[in-house]
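The values are calculated or read from the model by the stated rules, or taken from the named source; none is laboratory data. Since this is a predicted model, take the numbers as computed values, not measurements. Backbone-built Cβ (ideal geometry, glycine too); neighbour counts: all protein chains shown. All accessible areas refer to the heavy atoms of the entire protein, side chains included, with ligands and DNA or RNA removed. Shrake-Rupley method; radii C 1.70, N 1.55, O 1.52, S 1.80 Å.
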Amino acid sequence: MADPQGVLILAEQDEGRLASISGELLGAGRALATALDVPLSAALLGERAQADALVAAGADRVYLLDEPALRPFLAETALPALEQLVRAVQPRVVLLGHTAAGRELAPRLAVRLGVGLSTDVSGVRWDAELGAVVASKPIAGGLAIAEQVPQGTPQLVTVRPKTQAAAEPPPGHAGEVVPFAIDLSGVRPRARVLERVRERAAAQRLEDAEVVVSGGRGLGGPENFRYLEELAEVLGGVVGASRVAVDSGWISADRQVGLTGKITSPKLYIAVGISGAMQHMAGCSTAKTIVAINTDPDAPIFEKAHFGIVGDFKKVLPALTAACRELRQG
Ligand SMILES: Cc1cc2nc3c(=O)[nH]c(=O)nc-3n(C[C@H](O)[C@H](O)[C@H](O)COP(=O)(O)OP(=O)(O)OC[C@H]3O[C@@H](n4cnc5c(N)ncnc54)[C@H](O)[C@@H]3O)c2cc1C
């Protein structure tokens, strides 16, 4: 049965488990669905158990695309599958994660459907006057918020991970799982997944971390990252870095935060010896709380930080780490 005015999210799963972005998209989608008084649906390229988990997580309806050809994920097969679903159910809004999969699929889907696309947004709301979804995103390193109205129907948006609260379905929430048959007979993928290599287990991904302690040129050398590692360990977080620190060879490139690095939205972002260039802030401006530690009271980072400590990191960090340790133990 078509759902012509509904809100559709693309759920993601990783080796059989729903990815956290799925719950976050359901949270953002629920607010829109409530405002529009329409059902909230999820598209799942996966299996029945994950579809049931999506209903439990708040979906009113889950379109289950359970085809062996869709596993493992490959944009070349996922795209026609998603396009067929969207054309069939005709949603008003489609939300995807601004994840590896979402970033591959969304622009191609937009071209195929002939609609616009807003990417990497940190907020979506229904504007009754405009009769459209308005997407908002930080620009210029978080100095300003841009509002965009993606053109066409459906309105297509990718949502930055960790910016949305997961849906909280009421007790007894019920939904349905609708198997959706797709036709991939004409699809000849040119790519094949040969092997999946997990990232180092020890290093939590910057994109998923709740606490990030980042260091910049002000650290003066690679040996001083140990101060940051100690604090990150006490807070259960991970270490990040500015591009200067990476380019200087002080830390590996996968730790870089910013425009040309990783985008992170942790609960707490501690910037140590980082001046606050807009290219750096582009990677952390959606953090819930930003704390800056810098010797220069006029450093631009203090304009963007919620809390600032003017001082040498070698004095500040050991004291901060000891205080946090005490609080944790107490
Ligand atoms: C196209 C492009 C893309 C870019 N992408 C990125 C990106 O993804 N990520 C990124 O980070 N940058 C990026 N940059 C670089 C960016 O513009 C800045 O040059 C960079 O972020 C500066 O790094 P920093 O803050 O570590 O160094 P600096 O700007 O040199 O700042 C060092 C800070 O440390 C402070 N300090 C010095 N000593 C101490 C001490 N003992 N204790 C405490 N504080 C101290 C100083 O007061 C200063 O504020 C990009 C640039 C371009 C042009």
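Below, the figures for the structure above:
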item	result
Residue match in the range 176-198 (condition: in a loop (DSSP other than H, G, I, E, B) and more than 24 Å from residue 104 (Cβ to Cβ))	no
So residue 238, is it within 12 Å of residue 207 (Cα to Cα), of a type outside the set (Phe, Trp, Tyr) and modelled with pLDDT of 95 or more	yes
Residue list for the range 266-303, restricted to those being in contact with a Pro (Cβ under 7 Å, 6 or more places away or on another chain) and polar (S, T, N, Q)	275, 285, 286
Members of the range 131-165 that are of a type in the set (A, V, I, L, M, F, W, C), open to solvent by 60 Å² or more (accessible area, probe 1.4 Å) and under 19 Å from the mean Cα position of the chain (by Cα)	139, 145, 165
Those residues of the range 277-323 which are in contact (Cβ under 8 Å) with a residue 60 or more places away in the chain and either of a type in the set (A, V, I, L, M) or at positive phi (or both), in sequence order	277, 278, 281, 282, 287, 317, 320
Some residue of the range 22-33 being assigned to a strand (DSSP E or B) and either assigned by TED's automatic domain parsing to the domain that holds residue 126 or under 23 Å from residue 131 (Cα atoms) (or both)	no
Which numbered condition residue 216 misses (of (1) in contact with a Ser or Thr (Cβ under 9 Å, 6 or more places away or on another chain); (2) in the same structural domain as residue 86 (by TED's automatic domain parsing); (3) of a type in the set (Gly, Ala, Ser))	(2)
Subset of the range 8-21 [touching a residue at least 60 places away in the same chain (Cβ under 8 Å) and either outside the structural domain of residue 89 (by TED's automatic domain parsing) or of a type in the set (A, V, I, L, M) (or both)]	8, 9, 10, 19, 21
Complete set of residues in the range 248-270 that are open to solvent by 50 Å² or more (accessible area, probe 1.4 Å) and hydroxyl-bearing (Ser, Thr, Tyr)	248, 252, 260
Single residue of the range 253-263 satisfying the filter (out of contact with any Pro (no Cβ under 9 Å at 6 or more places or on another chain) and not charged (D, E, K, R)) that is farthest from the ligand (Cβ to nearest atom)	253
Neighbours by Cβ (under 6 Å, 6+ apart or cross-chain): first from the range 224-252, more than 15 Å from residue 264 (Cβ to Cβ); second away from the ligand (no atom under 14 Å from the Cβ) and not in a strand (DSSP E or B)	230/321; 231/321; 234/321; 234/324; 234/325
